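Each remark here refers to the structure printed beneath this line.
Every read-out reported here was derived from the displayed coordinates using simple, explicitly stated rules and does not represent laboratory data. This structure is a prediction, so every number in the text was calculated from the model and none was measured. All Cβ positions, glycine included, derive from the backbone under ideal geometry; neighbour counts span all protein chains shown.
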Amino acid sequence: MQIKHIIICYDIKEDKTRTLVIKCLEHYDLHRIQYSVFIGAVKPKLLKKMMVKLETIINTTEDKVYSFEVPERALVNSKMLGIFTDIESIIKPPTTLII
């Protein structure tokens with residue numbers, strides 16, 4: 001199973017549109033690390049589907065959504081200051097499901 005590690009950032013003018021974008025990103029299990037920045041690990045097919053969905057949500061003449069594919073190592077080796085976000089648990093979720 002091939003997984004792509006991605007960073008999504010956006011600049012959305014309207015609050016309602018921004019809320020829809022956030023809900024879409026969360027639906028695909030991306031995690032917010034900054035106000036307008038999400039990260040996650042998705043299958044290529046789902047990434048393509050998500051980007052198509054985002055394109056239907058945003059106003060393509062006013063809004064921007066960027067998707068950056070990054071190597072897992074770059075995310076794991078990232079440095080941060082301030083409030084801690086456990087990047088590794090986001091890109092390497094647990095493999096055991098406890099019910």
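Within segment 4-91, count lysine pairs with alpha carbon atoms under 12 angstrom apart where the residues are 8 or more positions apart or belong to different chains. Don't skip to the answer; put the middle values down first.
Numbers: LYS4/LYS43; LYS4/LYS45; LYS4/LYS48; LYS13/LYS64; LYS23/LYS53.
Lysine pair count for segment 4-91: 5.
Dipole size in debye (nearest 20) for segment 4-91 around its Cα centre, Lys and Arg Cβ +1, Asp and Glu Cβ -1? The partial results should precede the final answer.
On the way: 14 positive and 12 negative charges, 53 e Å.
Approximately 260 debye in magnitude.
Taking the Cα centre of segment 4-91 as the origin and placing charges on Cβ (Lys, Arg +1; Asp, Glu -1), which of VAL52, ILE39, TYR66 is farthest toward the positive end of the dipole?
VAL52
Output wanted: per-residue J couplings in Hz (rounded whole) for segment 53-63, from phi through Karplus 6.51 cos²θ - 1.76 cosθ + 1.60, θ = phi - 60°, x for Gly and Pro.
Whole-Hz 3J(HN,Hα) from phi for segment 53-63: 4, 4, 5, 7, 8, 7, 8, 5, 9, 10, 9.
Can you list the residues, at least 5 places off or on another chain, whose amide H is less than 5 Å from the amide H of VAL70, using H built in the peptide plane?
Result for VAL70 returns HIS5, ILE6, ILE7.
Give the Cα extents of segment 4-91 along the principal axes, in whole Å, largest first.
35, 31, 19
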